[in-house]
1. Take L27 and decide whether it is farther than 22 Å from A117 by Cβ, open to solvent by 60 Å² or more (accessible area, probe 1.4 Å), assigned to a helix (DSSP H, G or I) and in contact (Cβ under 8 Å) with a residue 12 or more places away in the chain.
2. Here is a check on your reading of the model: is F93 among the aromatic types (F, W, Y) and loosely packed, with under 15 Cβ neighbours inside 10 Å?
3. Within 18 Å of the chain's Cα centre (by Cα) and at pLDDT below 90: is that true of Q135 in this structure?
4. For residues that are open to solvent by 90 Å² or more (accessible area, probe 1.4 Å) and part of a helix (DSSP H, G or I), scanning just the range 60-88, find the one that is modelled with the lowest pLDDT.
5. Go through (1) free of Cβ contacts under 8 Å to residues at least 24 places away in the same chain; (2) closer than 17 Å to A89 by Cα; (3) open to solvent by less than 90 Å² (accessible area, probe 1.4 Å); (4) not in a loop (DSSP other than H, G, I, E, B) and name the single condition H57 misses.
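The values are calculated or read from the model by the stated rules, or taken from the named source; none is laboratory data. Since the model is a prediction, treat every value here as computed from it, not as a measurement. Reconstructed Cβ throughout: ideal geometry from the backbone, glycine too, with neighbour counts over all protein chains shown. Just the protein is used for accessible areas: all its heavy atoms, side chains included, with ligands, DNA and RNA removed. Shrake-Rupley method; radii C 1.70, N 1.55, O 1.52, S 1.80 Å.
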Amino acid sequence: MAAVIATCYSNPGLYPQARFAAEVAELSRRDSLEYAAAALMGSARALSAEFLRKGRHSPWRDAARVAVPTLVIYGQHDRLVDPRAAGRAAHVFRDARIVVLPRTGHVAQMERPDLVAAEIGILLGIPGGFGRLTQERAGEAETWSVRS
């Protein structure tokens, strides 16, 4: 588990110790299931096949068919998905906001939830971000409209 955290986080020290203990317990429970090895191998095979797939339905070709605004976030220190792919994503998605977060690994939503939330707010056109949205719902702010 520690190796996974070290691989996925830009700064593994940010991972909460209580959550680490809970994850270790859950992994131990899953490893004890009779079908654990078969499930792991099946997942590994499917992920590898999908990544290597060429032809009409490759992931990058499918991405080019996405016709809605899309937020694509990369971590500058991601060791699993190369952040240099951000350039390719910018050319493939029709209407995308491409963001490379500094001091961030593979799990941007957990490492930098404030920055990810701000980027989602920008994508949705929420003036003032989600703090403003919360005030709206509480009746504490003026009304606004999301970009259509």
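1. yes
2. no
3. On the way: within 18 Å of the chain's Cα centre (by Cα): no; at pLDDT below 90: yes.
Criteria not met by Q135.
4. R61
5. The failed condition is (4).
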